[in-house]
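> A single structure is presented below for examination.
Each value in this text was obtained by applying a stated rule to the coordinates, not by laboratory testing. From a predicted model like this one, the values you see are computed outputs, not experimental measurements. All Cβ positions, glycine included, derive from the backbone under ideal geometry; neighbour counts span all protein chains shown.
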Amino acid sequence: MITIKNLQRKWKEFNLKDINLTIEKGEYFVILGPTAAGKTLLLELIAGFYIPDAGEIWIHGDNVTTVTPEDREVGFVYQDYALFPHFTVKENIEYGLKIKKIPKDKINKESQAMMDLLGITYLRNRYPTTLSGGEKQKTAIGRSLMLNPHILLLDEPLSALDARTKAGLQDELKKIHNESDITIIHVTHDQTEAMIMADRIGIMMRGEIVQTGTTLEIFNTPKNRMIADFVGTENVLEGHISKKIDGLAIVDIGSSEIFAISDLETGSKVHAFIRPEDIIISKELQETSARNNLETKIKKIIHLGAIVRIELDNGLVAFTTKQSAEELELNIDEHIYVSFKTTAVHIVRR
């Protein structure tokens, strides 16, 4: 287990502020946030590259706040790989064990097993300058894993890779995680990557962890508008709770009213968040279990491969599949109906 208590660190004009975080042993934890949020600095503090100005870092019950990096049993993989250019793939992977003066036959055996695990044995005699981005990243990960760290820290490990290579390396990382009890902390600004990889996510903004939770909790129930905007909620409506009926809140959003589930009192000023994929489009008013049904017009249609983004006159955005859009024969300025369930509406006080 990793426990971070009231961690603070100033770096030039940037402040890491009162980080409190618990990461379970064997968890795949993703720190998700925009550029310059402090994600890398937090990883470097966990690794021991810097000493915090205040607060503590505990790993497996030991206070390691001032312990040197080599005594923390933590592996670190930077975005730029940081491979030794004059070493082959095999030599890069073996480097840590050679420094520890492990017997040569054991090094050969373990490096071979690691290259087999990562599928890079055929690269063993190649130099970093001849490798693709994915091959470099696998080599860097292999080098870190060779020291059998309890914790693997990954700083934007997939950001420089093309889509196919990224998908393959995601599978490799999940395989490594599933076949070991290693704890992985993975930093990224990519929401899709976080959703695919994480057991839990911590949202980091402006030097603070502002929300933690499972993927569903983070993406379906953001704590505030800033988080909602970042995780792609897109539909953020301002209004107030005008009344309560049958245990549901009626939210007046100006042009209409919507039903939602909320414990907030009548009169509360609120934001209502609705994810685009939770909105259903139809040309006729449908008999469904959805309590919210609104009539509007199509403002814009944007094709995004298998997904079609529909921007509507009432300010909402909906996603539908390419097949569904073709079957409905949707057109700009066409009158349509949108529906969504009360459970698709997340209400927070503003």
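> Give me the net charge of Leu161's neighbourhood, meaning all other residues with Cβ under 13 Å from the Cβ of Leu161; Lys, Arg count +1, Asp, Glu -1.
-4
> Related question: In which sequence would Ile57, Ile281 go, from the one with the fewest C-beta neighbours within 10 Å to the one with the most?
Final ranking by Cβ density, sparse to dense: Ile281, Ile57.
> Quick one: compute the contact order of the chain, relative version, from alpha carbon pairs under 8 angstrom and 6+ residues apart, as a percent.
Relative CO of the chain lands at 16 percent.
> Taking other Cβ within 10 Å of each residue's Cβ, how do Asp190, Asp162 sort, fewest first?
Asp162, Asp190
> Please provide three numbers in whole Å: the alpha-carbon extents of the stretch 95-187 along the principal axes, with the largest listed first.
So the three principal-axis extents are 39, 31, 19 Å.
> Output needed: percent of Cα pairs per 10 Å distance bin for the chain, bins running from 0 to the one holding the longest distance.
Whole-percent P(r) values from 0 Å outward: 5, 21, 25, 21, 16, 9, 3, 0.
> Distance check, please: which entries in Lys100/Lys136; Lys100/Lys174; Lys25/Lys174; Lys25/Lys175; Lys25/Lys98 exceed 20 angstrom between their Cα atoms?
With Cα atoms farther than 20 Å apart: Lys100/Lys136; Lys100/Lys174; Lys25/Lys98.
> Note the full-extension length gain between Met226 and Lys25 as 0.36 nm times their separation in residues minus their Cα-Cα distance, in nm to one decimal.
Contour length minus the Cα-Cα distance gives 69.4 nm.
> Please list the radius of gyration and Dmax for the stretch 10-74, considering alpha-carbon atoms only, with Å as the unit.
Final numbers for Rg and Dmax: 12.1, 35 Å.
> Same structure again: Divide by every residue of the chain the summed helix terms, -39500 (n - 2.57) for each DSSP H run of at least 4, and state the resulting mean residue ellipticity at 222 nm, rounded to the nearest 500 deg cm²/dmol.
Calculated mean residue ellipticity at 222 nm is -7500 deg cm²/dmol.
> Under a point-charge model restricted to the Cβ atoms of Lys and Arg (+1) and Asp and Glu (-1), what is the dipole moment magnitude of the chain relative to its Cα centre, in debye to the nearest 20?
Its charge dipole is roughly 1020 debye.
> Within 14 Å, Cβ to Cβ, of Glu284, how many net charges do the neighbouring residues add up to if Lys/Arg are +1 and Asp/Glu are -1?
Combined, the nearby Lys, Arg, Asp and Glu give -4.
> Shifting gears a bit: Of the options His60, Tyr95, Leu147, report the single residue whose Cα projects farthest towards the positive end of the charge dipole of the stretch 2-229 (beta-carbon charges: Lys, Arg +1; Asp, Glu -1).
Farthest along the dipole direction, towards plus: Tyr95.
> On to the next question. What is the order of Thr215, Thr139, fewest Cβ neighbours within 10 Å to most?
Ordered by Cβ neighbours within 10 Å, fewest first: Thr215, Thr139.
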